[in-house]
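Visitor: The structure under discussion is supplied below as structure tokens; questions concerning it will follow.
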Amino acid sequence: MKSKKINRILMLLENSTYPQDFRVRNEATSLTTSGFFVIVICPMKMGQKWNERINNVQVYRYPPPPLSAGFFGYIIEYGYSLITASLFSLLVLFRHGFDVIHAHNPPDLFVLIAVCYKIIGKQFVFDQHDLSPEMYYARFGGQGSRLVYKSLLMFERLSCKIADHVITTNDSYKRLGIERNYLTESSVTVVRNGPILDELPTLNYVSKEKNGKTALCYVGDMGFHDGVDYLLRSLHCMIKKYSRNDFFCTLVGDGDAYKSLRVLAEELQILDHLIFTGWIEHNEVSQYLMGADICVAPEPSNSYNDRSTMIKLLEYMAFSKPIIAFDLPEHRVSAGDAAVYAEPNSESDFAAQIIRLIDEPEKQKLLGKIGRERIEANLSWCHQENNLINVYKQLFL
């Protein structure tokens, strides 16, 4: 009896490693469970093997690019990663074979690898985690090079044009893909990020305090576009304008802006109210979230943040935490009534909303309950993975 052919998917990942990138891990695991063979090529983290099998997902890792900063640093990083991923893809082709290249952006340069393999009949799925052109301007405060922006638009459009199917993380990205890159409704599928509830610790809302102070918490990257500077100025406003000292804020994470944020906190004289943890393992993050009373999402309004879904919001809601966020379109889509919204980019109003929620402990409990229910009802990964599986079922018809 002839055995059933196993369809093989090669995933390309550049800006994280595996299994630390939870979207890629969730997708690879779901596809593997559904009978596909998944291979991942990604950078190597210290202590990781270059070649191993993780829960039936085959992983190949290459040494990370040399450390460098600024625009030319990105050129070196992406150029090195493109060449190295190309070489590893040849190894995978001869060792395992593959039917589909599934490229996770950023960057959008993996389309150059996909073009070569399309010639020999391989399919291409473009998984758009971020809007690279908008993210570029957001990272550089809107002061980036117009030429670079145009180049990023070109690679995004080429990725969409070459792709047999496009996956986006939300409807805002999908609409933009249809309007800007001429995608059809049927050629793009939304697969939102979402936590796996079975992996979370057992949760009960318990208000935690330290010396009678309310515990605020920020979890996530600390890039120049993530708005942690807005949060620090808001906390300064709480102290100086509203004379409130009944709080402390834990900042969990690291990023390009980390050092400058420490300097800003010192200049604002608010270090006594802050705990900077730096980068920590993800399994430790849950302890900070469980100990928080209120979680914050200070991303300012801009062309990138307005359209992007912030994973931190979903994590906050999964842990039944009330949220303070700027009133951005995709914040509303994700958090709904689980958050209190401040006027976009207004540090004074962000501070005022934090104070109001500090003073309403019963509302804190209600918002946390609403958020958890939203995750359980339709935002956890179990509600999203079917969209992904259906994409591949259609590709292999």
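Visitor: Mind checking the dipole of the chain: about its Cα centre, +1 per Lys or Arg Cβ, -1 per Asp or Glu Cβ, Debye to the nearest 20?
Guide: 1220 debye
Visitor: Could you work out how far helix 258-267 tilts from the main Cα principal axis of the chain, as a 0 to 90 degree angle to the nearest 10?
Guide: Compared with the principal axis, the helix lies near 10 degrees.
Visitor: R0 = 25 Å: FRET efficiency of residue 269 with residue 242, Cβ-based, nearest 0.05?
Guide: 0.95
Visitor: Turning to a different aspect of this structure: Nearest 500 deg cm²/dmol is fine: what mean residue ellipticity at 222 nm does the chain get from its DSSP H runs of n ≥ 4 alone, each adding -39,500 (n - 2.57), divided by its residue count?
Guide: -13000 deg cm²/dmol
Visitor: Can you tell me the Rg and Dmax of the stretch 284-335, counting just the alpha carbons, in angstroms?
Guide: 11.2, 33
Visitor: Restricting to the stretch 198-379, what percent of DSSP beta bridges are antiparallel, rounded to 5?
Guide: So the antiparallel bridges amount to about 10 percent of the total.
Visitor: Going by C-beta contacts inside 10 Å, put 319, 88, 276, 396 in order with the fewest on the left.
Guide: Sorted ascending by nearby Cβ count, the order is 396, 276, 88, 319.
Visitor: Using 7 Å Cα-to-Cβ label points, what is the residue 75/residue 332 separation (nm, one decimal)?
Guide: Simple spin-label model gives 4.2 nm for this pair.
Visitor: With a Cα-only, solvent-free Debye model of the stretch 342-397, what are the log10 I(q)/I(0) values at q = 0.18, 0.23 Å⁻¹?
Guide: -0.76, -0.90
Visitor: Please compute the length gained on full extension between residue 363 and residue 50, using 0.36 nm multiplied by the number of residues separating them and subtracting their Cα-Cα distance.
Guide: 107.8 nm
Visitor: On to the next question. Report, for the chain, the % of DSSP beta bridges that are antiparallel, rounded to 5.
Guide: Counting DSSP beta bridges with both partners in the chain, the antiparallel share is about 10 percent.
Visitor: Take every DSSP beta bridge whose two residues both sit in the stretch 168-283, then give the antiparallel share in percent to the nearest 5.
Guide: Close to 15 percent.
Visitor: Follow-up question, since we're still on this one. Which of the residue pairs 240/321; 312/365; 240/369; 241/369; 45/393; 49/312 have a Cα-Cα distance greater than 23 Å in the structure shown?
Guide: Where the Cα-Cα span goes over 23 Å, the pairs concerned are 240/321; 240/369; 241/369; 45/393; 49/312.
Visitor: Please give the FRET efficiency for residue 178 paired with residue 143, using the beta carbon to beta carbon distance and R0 = 22 Å, rounded to the nearest 0.05.
Guide: The formula returns an efficiency of 0.15 here.
Visitor: Test of understanding: ordering 331, 102, 165 by Cβ neighbours within 10 Å, fewest first, what list do you get?
Guide: Ordered from fewest to most neighbouring Cβ atoms within 10 Å, 331, 102, 165 come out as 165, 331, 102.
Visitor: Please list the three semi-axes, largest first and in whole Å, of the ellipsoid equivalent to the stretch 270-356, using sqrt of 5 times the eigenvalues of its alpha carbon gyration tensor.
Guide: The answer is 21, 16, 13 Å, longest axis first.
Visitor: Can I ask one more? So what's Rg/Rh here for the stretch 128-262, counting alpha carbon atoms and using the Kirkwood radius for Rh?
Guide: 1.09
Visitor: Tell me, what is the percent relative contact order of the chain, built from C-alpha pairs under 8 Å that lie six or more residues apart?
Guide: Relative contact order, the chain: 13 percent.
Visitor: With the convex hull built on the Cα atoms of the stretch 66-140, state its orientation-averaged projected area in nm².
Guide: 5.6 nm²
Visitor: Which whole-Hz couplings ³J(HN,Hα) result when phi for each residue of the stretch 82-94 is put into the Karplus expression 6.51 cos²θ - 1.76 cosθ + 1.60, θ = phi - 60°, listed in order with x for Gly and Pro?
Guide: 4, 5, 5, 5, 4, 5, 5, 5, 5, 4, 5, 4, 7
Visitor: Rounded if a/c is under 1.5, else prolate if a/b is larger than b/c, else oblate: which is the stretch 198-379, with a ≥ b ≥ c the root eigenvalues of its Cα gyration tensor?
Guide: Verdict is rounded for the stretch 198-379.
Visitor: Next question. Length gain on complete extension for the stretch residue 187 to residue 383, per 0.36 nm per residue less the alpha carbon to alpha carbon distance?
Guide: Extra length available between residue 187 and residue 383 comes to 68.5 nm.
Visitor: Please say if the chain is rounded, prolate or oblate, where rounded means a/c under 1.5 for a ≥ b ≥ c the square roots of the C-alpha gyration tensor eigenvalues, and otherwise the choice is prolate for a/b larger than b/c and oblate otherwise?
Guide: Taking the square roots of the gyration eigenvalues as a ≥ b ≥ c, the chain is prolate.
Visitor: Can you give the extra length, in nm with one decimal, that the chain gains between residue 118 and residue 224 once fully stretched, where that is 0.36 nm per residue apart less the Cα-Cα distance?
Guide: Full-extension gain reported as 34.5 nm.
Visitor: Round to the nearest 10 and give me the degree value, 0 to 90, for the angle of helix 361-374's Cα axis relative to the longest principal axis of the chain.
Guide: Roughly 10 degrees between the two axes.
Visitor: Please name which of 33, 238, 370 has its Cα lying farthest along the dipole of the chain towards the positive end, using unit charges on Cβ (Lys, Arg +1; Asp, Glu -1) and the Cα centre as origin.
Guide: 33
Visitor: Sort the stretch 1-156 into rounded, prolate or oblate with this rule: let a ≥ b ≥ c be the square roots of the eigenvalues of the Cα gyration tensor; rounded if a/c is under 1.5, and if a/c is not under 1.5, prolate when a/b is larger than b/c, oblate otherwise.
Guide: Judged from the Cα gyration tensor, the stretch 1-156 comes out prolate (a/c at least 1.5, a/b above b/c).
Visitor: Right, next: To the nearest 10 degrees, how steeply does helix 228-240 sit against the main Cα axis of the chain, on a 0 to 90 scale?
Guide: In the chain, helix 228-240 runs at an angle near 10 degrees to the longest axis.
Rule-based calculations on the coordinates, nothing more; no lab input. Source: prediction; values computed, not measured. Glycine gets a Cβ as well: all are built from the backbone with ideal geometry, and neighbour counts include every protein chain shown.
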